[in-house]
């Protein structure tokens with residue numbers, strides 16, 4: 001997760017070699033440990049983020065690298081875990097967005113931008129990209145890998161705590 005975050009910060013892209021490495025490791029490890037069920041769990045963990053997030057990608061609200069990163073985590077942790085990691089990531093992303101808007105003092109500007117975007121989509125019945133990922137000047141966005149990194153850490157922490165409580 002840290003390698004993907006660093007890649008996204010530096011180049012605004014999550015490199016395929018990072019995500020493909022983890023997809024391969026996840027598929028192999030889960031297949032070896034749990035056989036066919038492990039392979040199935042990893043494959044579903046890869047596919048579910050794509051299915052859930054393809055609309056956000058089409059609207060240019062989320063990058064392909066972010067979806068690939070979630071798919072890589074799904075390959076490693078499995079389908080049940082990736083649903084939790086995705087939820088934690090979106091909660092973390094919301095919190096990060098609120099903090100950034102407070103620091104940048106642009107909450108009103110962002111809300112107006114969103115309203116104008118939605119109004120335009122509904123009036124023209126044509127879906128347009130929400131943002132240009134290549135533009136670094138847009139103060140209304142941040143690398144979503146921050147949120148996925150936080151979501152992954154939250155998932156790991158929750159799992160460790162719940163496992164520790166079961167032992168006690």
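The values are calculated or read from the model by the stated rules, or taken from the named source; none is laboratory data. Keep in mind it's a predicted model, so treat the numbers as computed, not measured. When we count neighbours, we look across all protein chains shown, and the Cβ atoms used for this are built from the backbone with ideal geometry, even at glycine.
What are the pairs with Cβ atoms under 8 angstrom where one residue, in segment 58-85, is within 19 Å of residue 32 (Cβ to Cβ) and the other, located anywhere, is assigned to a loop (DSSP other than H, G, I, E, B)? Sequence gap at least six, or different chains.
73/1
Take residue 102 and tell me if it is modelled with pLDDT of 95 or more and either in contact with a helix residue (DSSP H, G or I) (Cβ under 6 Å, 6 or more places away or on another chain) or part of a helix (DSSP H, G or I) (or both).
Values: modelled with pLDDT of 95 or more: no; either in contact with a helix residue (DSSP H, G or I) (Cβ under 6 Å, 6 or more places away or on another chain) or part of a helix (DSSP H, G or I) (or both): yes.
In short, no.
State whether one or more residues within segment 86-99 are assigned to a loop (DSSP other than H, G, I, E, B) and either under 19 Å from the mean Cα position of the chain (by Cα) or exposed (fewer than 13 other Cβ atoms within 10 Å of the Cβ) (or both).
Quick first cut of segment 86-99, residues assigned to a loop (DSSP other than H, G, I, E, B) only: none.
Within segment 86-99, none of the residues are assigned to a loop (DSSP other than H, G, I, E, B) and either under 19 Å from the mean Cα position of the chain (by Cα) or exposed (fewer than 13 other Cβ atoms within 10 Å of the Cβ) (or both).
Can you pull out every residue in segment 48-57 that is touching a helix residue (DSSP H, G or I) at 6+ places or on another chain (Cβ under 8 Å) and under 29 Å from residue 35 (Cα atoms)? It would help to see each step written out before you state the result.
In the first step, residues of segment 48-57 are kept if they are touching a helix residue (DSSP H, G or I) at 6+ places or on another chain (Cβ under 8 Å); the result is 48-50, 52-54, 57.
Within segment 48-57, 48, 49, 50, 52, 53 meet the criteria.
Looking only at segment 112-134, count how many residues are in a helix (DSSP H, G or I) and either in contact (Cβ under 8 Å) with a residue 60 or more places away in the chain or farther than 30 Å from residue 155 by Cβ (or both). Break it down stepwise before answering.
From segment 112-134, those in a helix (DSSP H, G or I) are 112-124; that's our starting set.
Now drop any that are not either in contact (Cβ under 8 Å) with a residue 60 or more places away in the chain or farther than 30 Å from residue 155 by Cβ (or both), which leaves 112-113, 115-124.
Looking only at that region, the number is 12.
How many residues are more than 13 Å from the chain's Cα centre (by Cα) and assigned to a loop (DSSP other than H, G, I, E, B) when one looks only at segment 23-78?
Of the residues in that region, 3 qualify.
Listed here are the residues, each with its yes/no results for (1) in contact (Cβ under 8 Å) with a residue 40 or more places away in the chain; (2) more than 16 Å from residue 145 (Cα to Cα); (3) surrounded by fewer than 15 Cβ atoms within 10 Å (Cβ to Cβ).
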site	(1), (2), (3)
9	yes, no, yes
14	yes, no, no
22	yes, no, no
26	yes, yes, no
37	no, yes, yes
